[in-house]
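Q: This is the structure, below, for whatever I ask next.
The values are calculated or read from the model by the stated rules, or taken from the named source; none is laboratory data. Since this is a predicted model, take the numbers as computed values, not measurements. Quick reminder, even Gly has a Cβ in these numbers, built from the backbone with ideal geometry, and neighbours come from all protein chains shown.
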Amino acid sequence: MSDLFSSKRLTFIAMMAALGNVLSFISIKLAPLVPSIPLGPTSFSLALDLSHLSTFIAAFFGGPVVGGLTALIGGSVAAFEFGFSQGNFITGFGLPVGKALTGITAGILMRRLGVGDKRTMMVVSTVVSYIPEGIVTYLIFMYLFPLFIPNSVFWVAALTVQVLVKAVIEMVVMGILLSAMLGNQGFTQYVRGSFS
């Protein structure tokens, strides 16, 4: 366990989390699907978010704890953009936790399935890794939001479907990108250097 918190590993987590936040910021600003939906006292927005690319890199090379920590910290920009900045504290706190679940699940799946040489399995593992976060997202949207936003069940249900469909599409895209990146020997050797 002490090896988990070596300076190399902590630096890797910090770099991947920073990359996740940068990817999140750029993709949110460049690809807003629905900029702002006023819903009661808060607002919601829907945008492409590619921050999990760094989560999957961290989970693949570092395992579940590294993937989970990277996603938790790497979800800061998304938590601010989709949550805190719009007065939506539920999403602000819930989003990084959901992202961390994806990182943990990805680390477990990628290790167990041995997806390194199987590019198709990389796409499958990224989509399946999202299931715990998808469940958290569903529970937050369908059960917590209606408690704080009266008469919102229909709108929240429609928004939940959009968020989950968009997320699955993102997971497929990131799985394809990750497959391509892992096919590059220079990239894999560089990242493996963080764990030697």
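Q: Go through region 182-194 residue by residue and tally those that are farther than 18 Å from VAL115 by Cα and either under 22 Å from the mean Cα position of the chain (by Cα) or outside any helix (DSSP H, G or I) (or both).
A: Number of matching residues: 1.
Q: Here's something else I'd like to know. Of all residues in region 139-173, which are free of Cβ contacts under 8 Å to residues at least 40 places away in the same chain, within 21 Å of SER24 (Cβ to Cβ) and not hydrophobic (A, V, I, L, M, F, W, C)?
A: If the condition is that a residue be free of Cβ contacts under 8 Å to residues at least 40 places away in the same chain, within 21 Å of SER24 (Cβ to Cβ) and not hydrophobic (A, V, I, L, M, F, W, C), then THR160 is the only one that fits.
Q: Scan region 161-184 for residues that are surrounded by fewer than 17 Cβ atoms within 10 Å (Cβ to Cβ) and of a type in the set (Ser, Thr, Tyr) and report the count.
A: Going through region 161-184 one residue at a time, the tally reaches 0.
Q: Based on this model, can you work out whether GLY67 counts as of a type in the set (Gly, Ala, Ser), modelled with pLDDT of 90 or more and assigned to a helix (DSSP H, G or I)?
A: Taking the combined requirement at face value, the residue satisfies it.
Q: Which residues, counting only those in region 25-60, are under 20 Å from LEU159 (Cα atoms) and at pLDDT 80 or above? Full working, then the answer.
A: First pass over region 25-60, keeping only residues under 20 Å from LEU159 (Cα atoms): 27-29, 31-50.
Correct list: SER27, ASP49, LEU50.
Q: Which members of region 146-178 meet the condition of being in a helix (DSSP H, G or I) and farther than 20 Å from ILE131 by Cα? Break it down into steps so the answer makes sense when it comes.
A: Applying the first criterion (in a helix (DSSP H, G or I)) to region 146-178 yields 146-148, 153-178.
Across region 146-178, the qualifying residues are PRO146, LEU147, PHE148, VAL153, PHE154, TRP155.
Q: Checking the conditions here, which among LEU144, LEU95, LEU101 is within 13 Å of the chain's Cα centre (by Cα) and modelled with pLDDT under 90?
A: Result: LEU95 is the single residue among LEU144, LEU95, LEU101 that is within 13 Å of the chain's Cα centre (by Cα) and modelled with pLDDT under 90.
Q: Out of all the residues in region 119-134, is one or more over 22 Å from VAL165 (Cβ atoms) and either of a type in the set (Ser, Thr, Tyr) or free of Cβ contacts under 8 Å to residues at least 40 places away in the same chain (or both)?
A: Yes - at least one qualifying residue is present in region 119-134.
Q: Continuing with the same structure: Going by the conditions given, is ALA79 at pLDDT 90 or above, part of a helix (DSSP H, G or I), in contact with a Gly (Cβ under 8 Å, 6 or more places away or on another chain) and not charged (D, E, K, R)?
A: For ALA79, the condition - at pLDDT 90 or above, part of a helix (DSSP H, G or I), in contact with a Gly (Cβ under 8 Å, 6 or more places away or on another chain) and not charged (D, E, K, R) - is not met.
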